[in-house]
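Trainee: First the structure, then my questions, so here it is.
The numbers here are math on the coordinates, done by the rules we state, and not lab data. Just so you know, these numbers come straight off a predicted model, no measurement behind them.
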Amino acid sequence: MKNKTNLTIGGVIALLVAAYFGLDTQQENAAVQPSTTQSKFNSKTSQEISSAQQNGTRVIEHAFKNKLSDIQVEGAGKVVAILPDDNEGSRHQKFILELENGQTILVAHNIDLASRLHNLNKGDRVEFFGEYEYSAKGGVIHWTHHDPRKKHPDGWLKHNGKTVK
């Protein structure tokens, strides 16, 4: 029930952010509604993808400024640091992305549930669909993989034309 509530709260927050920034709420809602985003992803033009990622950057920026969490978001950034894997509990590949607005976020990608991004280098572009969590350092994107229990929206990462879920 908590995940459903968080997604609903995230949807409301995204709509408020969309209204605040004067964005098209249907497009912003697509960034919060993962099944819509995922099913339409392959048919989007590069301009629509770029727009969704720009909106995601604005949502993350707003969430960071207001210390908000549990927000499903699509975005992209440039790899500025590659960190050692976290091998405590579920293993996570970790790296830091810089968004187009200069904000940095940590990506914690569960490699027990999804493939790691291979040949990841500083300067590479990575697209993501996952859940944003506030942290004082800019935030964390996680849930960038499928949920085997089907209780959380499936996320993904895209690097060098390959999508991992």
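Trainee: Are any of the pairs Lys122/Lys150; Lys122/Lys151; Lys94/Lys165; Lys94/Lys162 more than 25 Å apart by Cα-Cα distance, and if so, which?
Mentor: Numbers: Lys122/Lys150 33 Å; Lys122/Lys151 33 Å; Lys94/Lys165 15 Å; Lys94/Lys162 18 Å.
Distance filter (> 25 Å) returns Lys122/Lys150; Lys122/Lys151.
Trainee: I would also like to ask the following. Roughly speaking, what is the stretch gain from His118 to Ser135, that is 0.36 nm per residue apart minus the C-alpha to C-alpha distance, in nm to one decimal? Could the numbers behind the result be given before it?
Mentor: On the way: separation 17, 0.36 × 17 = 6.12 nm, distance 2.65 nm.
Going from the current span to full extension adds 3.5 nm.
Trainee: Express the C-alpha Rg of region 46-116 as a ratio against the empirical globular expectation 2.2 N^0.38 Å, rounded to two decimals.
Mentor: Values: Rg = 13.3 Å, N = 71, 2.2 N^0.38 = 11.1 Å.
Against the empirical 2.2 N^0.38 Å value, I get 1.20 for region 46-116.
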